[in-house]
Amino acid sequence: MEQELETNSQSDLVSARFSYDSNYFATGNRNGTVYLFSRFCQGCPVGTYKNQTYCRPCYLDLLACAICQNSTICLACNAGYYLNAAACSSCDVLEGCAQCNTSGVCTSCLPGFHLSGGGCSRCWTDMQGCLQCNDSSTCLQCDNKYFLVGVACVECDSQIDGCLYCNSSSYCFECVVGYYEVAGDCIICAPPCKTCDSASNCTECVIPYYLDATRACILCDDYQCLACNSTGACFDCQEDHFVNSTFGCSPCLHPCASCNSTAYCMTCVLGFYVSSPGVCSNCHPNCLSCNTSTYCDSCDSGYYLDTAAHTCVQCHAVETLCRECNSTTCLDCEPGALLQPDASCDPCW
């Protein structure tokens, strides 16, 4: 039977057309959502809960909830979800889990995982190189850098030197950088060739060589040059040299350790620090390395670093005739003296 039903609710669920079923429930559709109204009973069907004058479906308030007590407490979840603190959580939140029961126990795993103790364990964790497995000891498929032997994965490079990808212990189809493939085997590129695709065709050279038009490696003219082109122009030099205006290498001036010109230091040698852009200045006397003229990081031989003041203190202050020490103990004595078990220095005379 059908009739126009006016509810007592103050919601927008009014004046909708409803039809009664044999259990004396009215069902209606409002804005695409089905609602249930009880004519005589105070209870609601499974999957709904009583909300004032109507039965509201659980899933509208609680994601994936199959049975609920009210709008905030779920009692059972749909397939693919499990009950977690009165709400439904997707099996996806369990690492590697494809399906789980309503208790949160995984029943099947995603590819690359296997069932383990109610959860899913990654195949690679249990068996290095394994992509697909049945359990912690039975691999079905290996990564390309491995090949399957029985139920285990063996690394390609362990069987064929320089092999990156293989399909067996005797056939490699891609080699690591510095090797080239010939009939399933990997052959190392001949120095000074860094990479190559055959014995006679180099694709990149080690420093300080450059690749010429015949695919051969030619030594850069300037022995201080780290990288150059076929015209002999250098574009990278040893650390204590810089590329000059004629594309050769010129030495940095003392006390520069590295520079980009004779007038601009980037780093300084020991005993000096960069005091302003491009300028090296002296550290405090007896200071081996420093950040400023008054802040030492390490000290010359015969001194130790006072870590509180960042200054250098002479070892003689720790022990007479001491030449190597820390703040409390002599470690070595001056020539003509012997270090004793109590860390003192006794003269030989």
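The values are calculated or read from the model by the stated rules, or taken from the named source; none is laboratory data. Please read all numbers here as calculations on a predicted model, not as lab measurements. Every residue, glycine as well, gets a Cβ built from its backbone with ideal geometry; the counts of neighbours run over all protein chains shown.
Residue pairs whose Cβ atoms lie under 7 Å apart, sitting 6 or more positions apart in sequence or on different chains, and linking a residue in region 142-157 that is in contact (Cβ under 8 Å) with a residue 12 or more places away in the chain and surrounded by fewer than 15 Cβ atoms within 10 Å (Cβ to Cβ) to a partner that is polar (S, T, N, Q) and assigned to a strand (DSSP E or B), are 151/138.
It is to be established whether one or more residues within region 142-150 are within 25 Å of residue 184 (Cβ to Cβ), assigned to a strand (DSSP E or B), modelled with pLDDT of 90 or more and of a type in the set (Ser, Thr, Tyr).
In the first step, residues of region 142-150 are kept if they are within 25 Å of residue 184 (Cβ to Cβ); the result is 142-150.
In the following step, the residues that additionally are assigned to a strand (DSSP E or B) were identified as 142, 146-149.
Restricting the remaining residues to those that are modelled with pLDDT of 90 or more gives 142, 146-149.
Next, from what is left, pick out any that are of a type in the set (Ser, Thr, Tyr): 146.
Looking for residues that are within 25 Å of residue 184 (Cβ to Cβ), assigned to a strand (DSSP E or B), modelled with pLDDT of 90 or more and of a type in the set (Ser, Thr, Tyr), one finds at least one in region 142-150, hence yes.
Taking region 164-263 and the strands (runs of 3 or more DSSP E) fully enclosed by it, the elements with 2 or more residues that are of a type in the set (S, T, N, Q) and surrounded by 14 or more Cβ atoms within 10 Å (Cβ to Cβ) are at 256-261.
Filtering region 295-349 down to residues that are part of a strand (DSSP E or B) and hydroxyl-bearing (Ser, Thr, Tyr), which residue is farthest from the chain's Cα centre (by Cα)? Even if it seems obvious, please write down each step before you answer.
Within region 295-349, the subset part of a strand (DSSP E or B) is 295-299, 303-306, 311-314, 322-325, 330-333, 337-339, 345-347.
Within this subset, residues satisfying the condition of being hydroxyl-bearing (Ser, Thr, Tyr) are 295, 298, 303-304, 311.
Working: 295: 36, 298: 34, 303: 42, 304: 39, 311: 40 Å.
Only one residue fits best here, namely 303.
Condition test on residue 139, is it in contact with a Phe, Trp or Tyr (Cβ under 6 Å, 6 or more places away or on another chain), on the phi < 0 side of the Ramachandran plot and part of a strand (DSSP E or B)? Can you show your working first?
Working: in contact with a Phe, Trp or Tyr (Cβ under 6 Å, 6 or more places away or on another chain): no; on the phi < 0 side of the Ramachandran plot: yes; part of a strand (DSSP E or B): yes.
Here the answer is no, as residue 139 does not meet what is asked.
Of the residues that make up region 79-90, is at least one surrounded by fewer than 14 Cβ atoms within 10 Å (Cβ to Cβ), out of contact with any strand residue (DSSP E or B) (no Cβ under 6 Å at 6 or more places or on another chain) and part of a strand (DSSP E or B)? Within region 79-90, one or more residues are surrounded by fewer than 14 Cβ atoms within 10 Å (Cβ to Cβ), out of contact with any strand residue (DSSP E or B) (no Cβ under 6 Å at 6 or more places or on another chain) and part of a strand (DSSP E or B).
In region 186-210, the residues that are under 26 Å from residue 156 (Cβ atoms) form Cβ pairs under 6 Å with partners that are of a type in the set (A, V, I, L, M) and part of a loop (DSSP other than H, G, I, E, B), at six or more places apart or across chains, as follows: 186/160; 194/206; 195/177.
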